Amino acid sequence: MPGPTERTALYRLYDTDDRLLYLGITSEPKVRMKAHATDKPWWGDVETREVEWFDTRDEAAAAEIEAIRHEQPVHNHAHNTAAMLALLPAATEEPLRPQFEPVTSDGRSAAQRMAADIRALTMSGNIQAGSRLPTTSDLCARYKISNVTVQRGLRILKAEGFAVGRNGSAVYSTSPAPQHLAEPEHHVLTEVSAGQATPPRRVADALAVTDGQEVEHRQTVVQVDGRPLRLEATYWRGESTKAAPVEQVDQITVRPPTSAELLALQLPEEVPVMSVFRQLLDHDGRALEVQVLIEPGNLCQRQYRTPADPR
């Protein structure tokens, strides 16, 4: 493993139109180029290379982050928020390319639309937890719907944890978050499986292992206050446990849950999941470990800070 004081190169790869395809750092450019030639599908587009040397790896790493943010290489995703939307490969050939029709109306039921409004107001803080929701008659008048439809909408909110009813009283806004959600010491991890496993294709590509090659695998369910909070699947090559990661890269997708995820996380039908594809990288940008995290959409929250562009 290269040390932080080792002389390190920042390299840039361009295509025939001088478009910046990729940049990275390494102490051994020739070795790194050979690795790219075997594992990067865009390698055939590389026409020219530039190599800039720094006295230390820390200096090269700082220059790499700055260059990615300002030069926007096509195939770098770490530190490059503009490229995140390109992580999902596009279908370019007919008839595989989907044809999207303009959305001109909300096709959801009236109960779902009412629940969506109240949910958004609650999550934004405009309706505070503990406050009384409008009466049934008020909701009927506001949304021009029947008493039965209002009750359906409230049942959706109650199932998701955004509302609670009190016998003989009203319906109140609440939060689906467990009491000790933000306190890791209250999180209970239960191991579902562990050992050797063939990883999914995306994980195999990240770990640079061949098709069918097994890696170390561990699957865990995280609970807090008796509620499922997260499904964790971790993959790593055995030898990679000896190295310490220097960077974490998260790729986040929001989608409907699979049946297995819905049951494991005890999700109401309306709740999507957030899928986090997390890579722990070494100094040369190679994945030492990959984690796939699945979290309920009504509980998960992420906060990121990035330097503002001075331009």
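The values are calculated or read from the model by the stated rules, or taken from the named source; none is laboratory data. Quick caveat, the model's predicted, so the values are computed rather than measured. Here Cβ is always computed from backbone atoms with ideal geometry, including for glycine, and neighbour counts include all displayed protein chains. Heavy atoms of the whole protein, side chains included, go into the accessibility calculation; ligands, DNA and RNA do not. Shrake-Rupley method; radii C 1.70, N 1.55, O 1.52, S 1.80 Å.
Here are a few things to note about the model shown:
- Candidates Pro245, Pro134, Pro257: whichever shows maximal mean-square fluctuation once the chain is modelled as a Gaussian network with Cα springs under 10 Å: Pro134
- Segment 197-311 shape via C-alpha gyration tensor axes, a/c threshold 1.5: oblate
- With R₀ fixed at 45 Å, the C-beta to C-beta distance from Asn147 to Asp225 puts the FRET efficiency at about 0.85.
- Ligands, DNA and RNA aside, Glu270 has an accessible area near 80 Å² when probed at 1.4 Å.
- Cα gyration tensor shape of segment 91-201, rounded if a/c is under 1.5, else prolate or oblate by comparing a/b with b/c: oblate
- Basic side chains Lys and Arg get +1 at the Cβ, acidic Asp and Glu get -1 at the Cβ, and with that the dipole of the chain about its Cα centre reaches some 1540 debye.
- Estimated FRET transfer efficiency (Asp106, Gln251; beta-carbon r; R0 25 Å; 0.05): 0.25
- Here volume of the Cα convex hull per residue in Å³ was calculated from the structure, and among [x] 155; [y] 209; [z] 339 it sits at label [y].
- Efficiency of FRET between Tyr172 and Ala120 - r from beta-carbon atoms, R0 22 angstrom, step 0.05: 0.80
- Label point distance in nm, Gln179-Glu28, each placed 7 Å from Cα along Cα→Cβ: 5.6 nm
- Dipole of the chain [Lys/Arg +1, Asp/Glu -1 at C-beta], most positive-end residue of Thr136, Leu21, Ala159: Thr136
- Accessible area per residue was computed with a 1.4 Å probe on protein heavy atoms; Asp284 scores about 20 Å².
- Tensor-based shape of segment 15-77 (alpha-carbon gyration tensor, a/c under 1.5 rounded, otherwise prolate or oblate): oblate
- Lys158 - accessible surface, heavy atoms, 1.4 Å probe, Å² rounded to 10: 90 Å²
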